[in-house]
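Q: Below is a structure I'd like to ask you about.
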Ligand SMILES: Cc1cc2nc3c(=O)[nH]c(=O)nc-3n(C[C@H](O)[C@H](O)[C@H](O)COP(=O)(O)O)c2cc1C
């Protein structure tokens, strides 16, 4: 009997969805790169449109930040799909010095949708963007793969949220 709580049916459905989705292990890949001279301002919009469709089809979520030519992207999803997508992205001539900095299976997704930042990072405080630039510089310099910490993902999410606010 359903008495104001979650019905058994809903609970079962939620558990199945969790097993199949967010709580299932995901492969998380991160890279840094620099925009090349071919990267035009209108490319951001094009990449965003293309990515939101194609990534959703492949159940890949993630975040892409572009600011002052410094690019960072995190992708999460099934390992074979994420690797295949990264191979394609890495060949894209609109960026260079593409360096994978993280790639490992993790117990849960940290990024639940696809988002892209770059159009309006001017809305984000200088202090927050400075932290992004420091992070990018750090990752560009590391010799080995690193673990992207939850707090670092949160920094990217913060930039994403703030840059999406109406100006
Ligand atoms: C910085 C950067 C990030 C990109 N991210 C994605 C992405 O997440 N998903 C995607 O489908 N394409 C992304 N692209 C575009 C791909 O590199 C590629 O142009 C696109 O997938 C079309 O590939 P195709 O012409 O081989 O079909 C990105 C490109 C750049 C420069």
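Every read-out reported here was derived from the displayed coordinates using simple, explicitly stated rules and does not represent laboratory data. For clarity, every value in this text was computed on a predicted model and none was experimentally measured. FYI the Cβ positions are ideal-geometry reconstructions off the backbone, even for glycines, and counts take in every protein chain you see.
Q: Return the calculated 222 nm mean residue ellipticity for the chain, to the nearest 500 deg cm²/dmol, obtained by summing -39500 (n - 2.57) across DSSP H runs with n ≥ 4 and dividing by the residue count. Walk me through the intermediate numbers first.
A: Numbers: 5 runs with 73 residues, N = 167.
Helix contribution divided over all residues of the chain: -14000 deg cm²/dmol.
Q: In the stretch 96-127, which residues have a backbone nitrogen under 19 Å from the label point lying 7 Å from residue 158's Cα in the Cα-to-Cβ direction?
A: 110-112, 115-127
Q: Now for a different question. If I histogram all Cα-Cα distances within the chain using bins 10 Å wide from 0, what percent of pairs lands in each bin?
A: 10, 37, 34, 13, 6, 2, 0
Q: Separation between the residue 9 and residue 90 pseudo-spin-labels, each 7 Å from Cα along Cα→Cβ, expressed in nm?
A: 4.8 nm
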